[in-house]
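Heads up: the structure comes next, in structure tokens.
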Amino acid sequence: MATIFSRIVAGEIPSYKVAENDKFYAFLDINPLAKGHTLVIPKREVDYFFDLTDEEIGEMQIFAKQVAEAIKKAFPCIKVGQAVLGLEVPHAHIHLVPMQSERDMLFSNPKLKLTAEEFAEIAEKISKEIVCRN
Ligand code: AMP
């Protein structure tokens, strides 16, 4: 059965899309640690991040870098933090979180509750800042 993230890529489940190319897709995490918390996924369905090929990890990281740069412009922060967990959804993904302090990367923190309008505004703000270099 397709993962929830593959169903998002297929358009069967809605998402707040931030960026996309032929191999990767970026969208807002629905339970964000901070405004701008984004997930980057490969369209190819692989559970464990480190089971992706070397080439895929390289390309995914370059795509994530472009998304992180856009997040930082849209939501000024000290740095955009990156994390790979994958204990909840069995489809490899990178979390990108704008950080004002180290605490913003604590996944045990309470998540923000945002309205659909707020999510849509955030996604649009980030997507406008995407500069695709490939
Ligand atoms: P983890 O697998 O532990 O890295 O966590 C999976 C992440 O995916 C969590 O932060 C969830 O909030 C997020 N998530 C799960 N379902 C969706 C969805 N339908 N849209 C956006 N984010 C989701």
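Sort out for me the strands (runs of 3 or more DSSP E) sitting completely within region 1-111 that have 2 or more residues that are within 13 Å of the ligand (Cβ to nearest atom), at negative phi and surrounded by 15 or more Cβ atoms within 10 Å (Cβ to Cβ).
Working: elements: 17-20, 24-28, 38-42, 79-83, 94-99.
It comes to 17-20, 24-28, 38-42, 94-99.
Does Ile57 meet the test of being β-branched (Val, Ile, Thr) and either within 21 Å of Lys128 (Cα to Cα) or modelled with pLDDT under 95 (or both)?
Values: β-branched (Val, Ile, Thr): yes; either within 21 Å of Lys128 (Cα to Cα) or modelled with pLDDT under 95 (or both): no.
It is false that Ile57 is β-branched (Val, Ile, Thr) and either within 21 Å of Lys128 (Cα to Cα) or modelled with pLDDT under 95 (or both).
When residues of region 9-48 are filtered for being hydrophobic (A, V, I, L, M, F, W, C) and more than 15 Å from the chain's Cα centre (by Cα), how many remain?
Filtering region 9-48 down to residues hydrophobic (A, V, I, L, M, F, W, C) leaves 9-10, 13, 18-19, 24, 26-28, 30, 33-34, 39-41, 46.
Of the ones still in play, those that are also more than 15 Å from the chain's Cα centre (by Cα) are 10, 13, 46.
Residues in region 9-48 being hydrophobic (A, V, I, L, M, F, W, C) and more than 15 Å from the chain's Cα centre (by Cα): 3 in total.
If Pro32 satisfies every condition in (1) within 18 Å of Val9 (Cα to Cα); (2) in contact with a Leu (Cβ under 9 Å, 6 or more places away or on another chain) but one, which is the exception?
Going through (1) within 18 Å of Val9 (Cα to Cα); (2) in contact with a Leu (Cβ under 9 Å, 6 or more places away or on another chain) one by one, Pro32 breaks only (1).
Can you tell which of Leu96, Leu114, Leu106, Leu28 is under 24 Å from Arg7 (Cα atoms), out of contact with any strand residue (DSSP E or B) (no Cβ under 7 Å at 6 or more places or on another chain) and among the hydrophobic types (A, V, I, L, M, F, W, C)?
Details: Leu96 fails: out of contact with any strand residue (DSSP E or B) (no Cβ under 7 Å at 6 or more places or on another chain); Leu106 fails: under 24 Å from Arg7 (Cα atoms); Leu28 fails: out of contact with any strand residue (DSSP E or B) (no Cβ under 7 Å at 6 or more places or on another chain).
Testing whether each residue is under 24 Å from Arg7 (Cα atoms), out of contact with any strand residue (DSSP E or B) (no Cβ under 7 Å at 6 or more places or on another chain) and among the hydrophobic types (A, V, I, L, M, F, W, C) leaves just Leu114.
What number of residues in region 49-72 are under 11 Å from the mean Cα position of the chain (by Cα) and more than 19 Å from Asp22 (Cβ to Cβ)?
The number of residues fulfilling the criteria is 2.
Being within 15 Å of the ligand (Cβ to nearest atom) and surrounded by 13 or more Cβ atoms within 10 Å (Cβ to Cβ) is the filter here; which residues of region 112-131 pass it?
Leu112, Leu114, Glu118, Phe119, Ala120, Ile122, Ala123, Ile126
Of the residues Val131, Val84, only one is under 12 Å from the mean Cα position of the chain (by Cα), β-branched (Val, Ile, Thr) and within 25 Å of Asp22 (Cβ to Cβ); which? Break it down stepwise before answering.
Working: Val131 fails: under 12 Å from the mean Cα position of the chain (by Cα).
The unique qualifying residue is Val84.
The values are calculated or read from the model by the stated rules, or taken from the named source; none is laboratory data. Everything quoted here is computed from the prediction, not taken from an experiment. Glycine gets a Cβ as well: all are built from the backbone with ideal geometry, and neighbour counts include every protein chain shown.
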